[in-house]
Amino acid sequence: MPTGFGRLWTAQTVSSLGDGVSHAALPLIALTLTRDPMALAVVTAAGTLPWLLFGLLGGALVDRWDRRRTMWVTDAARAVLLAIPVAAAALDVLSIPLLAAVAFLLGLGGLFFDTAATAYLPDLLGRDPALLERANSRLRGTQTAASGFAGPPAGSALLALGRAVPLLADAVSFLLSALLVRSLPAMPRPVPENRESLLRQARAGASYVFRDRLLLGLALRPAVGNVAFVAVETVLALFAHDRLGIGSFGFGLLLTAEAAGGLLGAGIASYLGRRLGTGTALTCTAAIEGLAILGLAAAPNSYVAGLALAVCGAGMGATMVLAPSLRQTIVPAHLMGRVASTSRMLAMCAAPFGAFLGGWLATAYDIRTPLYAAAVLLLAMTAVTASMTTNRRVEAALRAAPTDDPDHPESRDPVQAGAL
């Protein structure tokens, strides 16, 4: 692995640790302000709205900008932004609207950072498929360990010291990440300056995804999955408290169980891809996620719930290694930012619907209803997309993988590959 990868790996691990702290703390902070499921849904949805509003344009901008600079400036800005809720918590003026506004701006920063990081990694690793899979496995594994194992219990514990403390910890993690990313080697932008409008370039990236059945299948799974997972996440703290009898620290441990499964899934993803083929492996992990959420909905106690979340996490962990590695291998460098942002936009735009679906079902029916609905959605999505991401399609796409020759920017015809 190139030397620079170690710094990128460290930066994302540090940032993930801070995210894990806030991931456990924010729902609990919101619960100190309100117990209205719809109000909690507003905070959850706010963080995903930037992808709905700016997802396509963000990808086009990343393909124009220096990707390393985009990452470190974004993380530095997010560190400064978190000073606002930290001060509000210290002054006891924290509110749901303020949390929602901060979540929106953090999500906007995440849009640019995640898209730039996804596009930067193939350049750093020379687009080598084996290196990409190994790198994504390491990134996903440490991200899961930091944001899942260490972060949630730490967030719950830090919350006992004050509502500002977990937010301050996340701000420090963003600052450290920015400093590490700034030391990475700069990579040349793959696209020379041209006269095409930003909107036209954004449309070209979206068209590339929608014309390719394999890329579309890879994008639809997290899109439908996010409706389901965010519906669960919106009510999970309330479900754990009211139905499972779990306190703040226990809720952190529940999230840790999911992270444990995610770490296992990331570790065995390459083995599953080799053993079953990437396409079949992705179908199996999607089915496992749906069955696990069904088990969570029916869980009679916290132990069964923790096991169900661990199994779901394993499916998600493997998926998050296999799918991005495949996409980074088969998409030309000059389109990587736009394809990544289009795929992520579909997933993130679906999340607000999941947040409001979860809040509405819990309010209108029962706290378990969003979980059952999520399981049905996941299993239906698995059936629909299974034919779009078969082993045959994956192998054809890999054979037609781009050379990234600047004289041949359209080195892979998505229609040709998708028609197989």
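The values are calculated or read from the model by the stated rules, or taken from the named source; none is laboratory data. For clarity, every value in this text was computed on a predicted model and none was experimentally measured. Heads up, the Cβs are rebuilt from the backbone with ideal geometry, glycines too, and the neighbour counts pull from every protein chain shown. SASA here: full protein model, heavy atoms, side chains in, ligands and nucleic acids out. Shrake-Rupley method; radii C 1.70, N 1.55, O 1.52, S 1.80 Å.
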Rg/Rh ratio calculated on Cα atoms of region 103-171 (Kirkwood radius): 1.10
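How large is the Kirkwood hydrodynamic radius of region 148-305, in angstrom, based on all distinct alpha carbon pairs?
19.7 Å
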Contour excess over end-to-end distance, with Cα ends at Leu307 and Val376 and 0.36 nm allotted per residue: 22.9 nm
Full-stretch length increase - Asp92, Asn391 - with 0.36 nm per residue and alpha-carbon distance subtracted: 102.1 nm
Carbon + sulfur, % of accessible area of the chain - ligands and nucleic acids excluded, 1.4 Å: 66 percent
Where only C-alpha atoms are counted, convex hull volume of the chain per residue in Å³: 119 Å³
At most 16 other Cβ within 10 Å, DSSP loop - GluC sites (Glu not before Pro), region 173-243: Glu193, Glu196
Cα-Cα P(r), region 238-336, percent of pairs per 10 Å interval: 17, 39, 26, 14, 4, 0
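Taking the Cα centre of the chain as origin and charging only Cβ (+1 Lys, Arg; -1 Asp, Glu), how large is the dipole, in debye to the nearest 20? Mind showing how you got there, number by number?
Numbers: 31 positive and 25 negative charges, 107 e Å.
Using only the charged Cβ atoms, the result is roughly 520 debye.
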Shape call, region 200-285: gyration tensor on alpha carbons, a/c limit 1.5: oblate
Ranked order, Tyr271, Tyr372, Tyr208 - accessible area, probe 1.4 Å, largest first: Tyr271, Tyr372, Tyr208
Förster-model FRET efficiency, 22 Å R0, Asp128 and Arg274, C-beta, rounded to 0.05: 0.85
Accessible surface, the chain, averaged per residue in Å² (probe 1.4 Å): 40 Å²
Overall Cα dimensions of region 1-140, principal axis frame, Å, largest first: 49, 28, 26
Residue-span extension gain [Ala39 to Arg211] - 0.36 nm each, minus C-alpha spacing: 58.1 nm
Gyration tensor (Cα) of region 88-129, equivalent ellipsoid semi-axes in angstrom: 37, 9, 5
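For region 279-398, what mean projected area does the convex hull of the alpha carbons give, in nm²?
On the way: hull surface 31.8 nm².
It is 7.9 nm².
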Region 317-381: radius of gyration and largest Cα-Cα distance (Dmax), Å: 15.9, 48
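Quick one: grab the alpha carbon gyration tensor of region 162-246, order the square roots of its eigenvalues as a ≥ b ≥ c, and give me rounded if a/c is under 1.5, else prolate or oblate depending on whether a/b is larger than b/c.
Numbers: a/c = 3.36, a/b = 1.36, b/c = 2.47.
Oblate shape, in that a/c is at least 1.5 and b/c is the bigger or equal ratio.
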Highest-fluctuation residue, Thr234, Thr34, Thr329 considered, GNM on the chain with Cα pairs under 10 Å: Thr34
Cα-Cα separations in region 1-76 greater than 18 Å, expressed as whole percent: 62 percent
Sum of -39500 (n - 2.57) over DSSP H runs of 4+, divided by residues of the chain (222 nm, nearest 500): -27000 deg cm²/dmol
